[in-house]
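Below is one structure, written out as structure tokens, with a few remarks after it.
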Amino acid sequence: MESEMTSSTTAATVLENSNITTVRSLYKAISNVNDGNRDISGLIATDLEWWFHGPQNCHHMMKMLTGKSDYFKFEPRSVDAIDDDCVIVEGWEGAQVYWVHVWTLKDGVITQFREYFNTWLTVRDLRPIKIKCLSMSSSPSTTTLWQSHPRDLAKRSLPALMLAI
């Protein structure tokens, strides 16, 4: 049984690393504005689901993905995998700009994108804990999986949201 758990953990780690690689490739592709090499095909599903929270004039990533804007430069400060299908990327520039991107992947392709601009984010796992021997679920857990890293923005007042998965 221990070897099954180790094998399962290793497979999840490989998938998480693969998802991080896919998301990093996307940021690299969109940063290549000057050399004209902005190919993001194969990284993002054609029916990408998108959600945004922040000031209406700050839809920067969606504008970049659709080719409507090239002026905003995303420089990821942290990239973290959550479970085997989610990657969270965070960045900031000085005290005025803070963003969090939550990417959901299926089979190595980005299928969902959530953009939070000038918003603190906490990601919590609210899924029921499954108890195999009883074949039933206990009450939902409230484990924090990820949370914004304020760093130089700690004194700034921003709205806060919780993303439940």
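The values are calculated or read from the model by the stated rules, or taken from the named source; none is laboratory data. What you see is a predicted model, and the numbers here were worked out from it, not measured in a lab. As a convention, Cβ positions derive from the backbone with ideal geometry for all residues, glycine included, and neighbour counts pool all protein chains shown. To get the accessible areas, we keep the full protein, side chains included, count just its heavy atoms, and leave off ligands, DNA and RNA. Shrake-Rupley method; radii C 1.70, N 1.55, O 1.52, S 1.80 Å.
Any idea of the accessible area per residue across the range 20-122, 1.4 Å probe, to the nearest Å²? Don't skip to the end; give the middle numbers.
Numbers: 4980 Å² over 103 residues.
Spelled out: the 1.4 Å probe surface of the range 20-122, per residue, equals 48 Å².
Can you pull out the chymotrypsin sites (Phe, Trp or Tyr not before Pro) in the range 40-116 whose DSSP state is coil and whose Cβ has at most 12 other Cβ atoms within 10 Å?
On the way: sites: Trp50, Trp51, Phe52, Tyr71, Phe72, Phe74, Trp92, Tyr98, Trp99, Trp103, Phe113, Tyr116; in loops: Tyr71, Phe72, Phe74.
When the chymotrypsin sites (Phe, Trp or Tyr not before Pro) of the range 40-116 are filtered for loop state and at most 12 Cβ neighbours within 10 Å, Tyr71 remain.
Can you list residues from other chains, or at least 5 along the same chain, whose modelled amide H is less than 5 Å from the amide H of Phe52?
Glu115
Taking the Cα centre of the range 69-129 as origin, work out the dipole magnitude from +1 charges on Lys and Arg Cβ and -1 charges on Asp and Glu Cβ, in debye rounded to 20.
Numbers: 6 positive and 11 negative charges, 36 e Å.
So the magnitude is around 180 debye.
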